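Accompanying notes for the structure given below.
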Amino acid sequence: MKTLDKNTTASAPGRESRTADPLGPNSEIGRKLKQYYDDLVHDEVPDRFAELLGQLERAETAQDKD
Amino acid sequence: MAVTAGFKDDLLKAIPSLRAFAVSLSQNVDKADDLVQETLVKAWDKHESFQPGTNLKAWLFTILRNEFYSQMRKRGREVQDTDGIMTARLAVHPAQHGQLDLDDFRSALEQLPEDQREAIILIGASGFSYEEAAEICGCAIGTIKSRVSRARSRLQEIMQISGEEDFGPDAISTQVMTSPAD
């Protein structure tokens, strides 16, 4: 499975990754894309989602009692 | 059969990734949060159709993506609410990684058609393989590859980045992090 792992090629400058990855660490676009995305992933998550899952769980428990 | 505690925990853990994908795809934080909400509800409702041991993240991304396109079809293509996006982003994101650089990138990403944007996100950011991305998007692997390639070229064009390293504002970190251009 081909996954893009930050740790694999960063410490080996000049070495071609397995398939000359056009979005790898030597790619400006690849780096910006990952920075952009990582900022989003590390954003604070609003409470509404945990609350939603809690509600769904309670609704299900209530049904199971029938 | 009830949802297990493990499944619920896995859903919770997936939320940051789902949110990142939703924001990248819709380019609107409010819409993205609604998409994530819808996805969680749907995933819960059809939890029995998920095969334990298979890729939950891919399964969830597929649900979210389908919901995104289904909403787009229902509403017709809406004009992007760029004020809404900028306001939301300023509220949510602290200045890191050179805010201006990333804003340029975000607006370049926004200019891509959705199919190219989602392809380059799935492959270049979410960490899926071409095979997984093709399954998520319901198309051939070759189609994903060509979309990624076109997206990358277009982004380079918009941001005026050549194939070699660009000596932009982050030139110093570029030199530190990479070898000289091959």
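Tabulated data
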quantity: Identity of the residue in segment B:108-158, farther than 16 Å from A:Ser27 by Cα and part of a loop (DSSP other than H, G, I, E, B), that ends up farthest from the other protein chains (Cβ to nearest Cβ); calculated: B:Gly138
quantity: Filtered residues of segment A:13-59 (kept if on the phi > 0 side of the Ramachandran plot and either more than 7 Å from every other protein chain (Cβ to nearest Cβ) or modelled with pLDDT of 90 or more (or both)); calculated: A:Ala20
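Every residue, every condition in (1) at pLDDT 95 or above; (2) crowded, with 19+ Cβ neighbours inside 10 Å; (3) closer than 22 Å to B:Lys57 by Cα, yes or no:
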| position | (1), (2), (3) |
| --- | --- |
| B:Gly124 | yes, yes, yes |
| B:Lys145 | yes, no, yes |
| B:Arg150 | yes, no, no |
| B:Ile158 | no, no, no |
| B:Ser162 | no, no, no |
| B:Phe167 | no, no, no |
| B:Ala171 | no, no, no |
| B:Thr174 | no, no, no |
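The values are calculated or read from the model by the stated rules, or taken from the named source; none is laboratory data. Just so we're clear, the structure is a prediction, and the values are computed from it rather than from any experiment. Quick reminder, even Gly has a Cβ in these numbers, built from the backbone with ideal geometry, and neighbours come from all protein chains shown.
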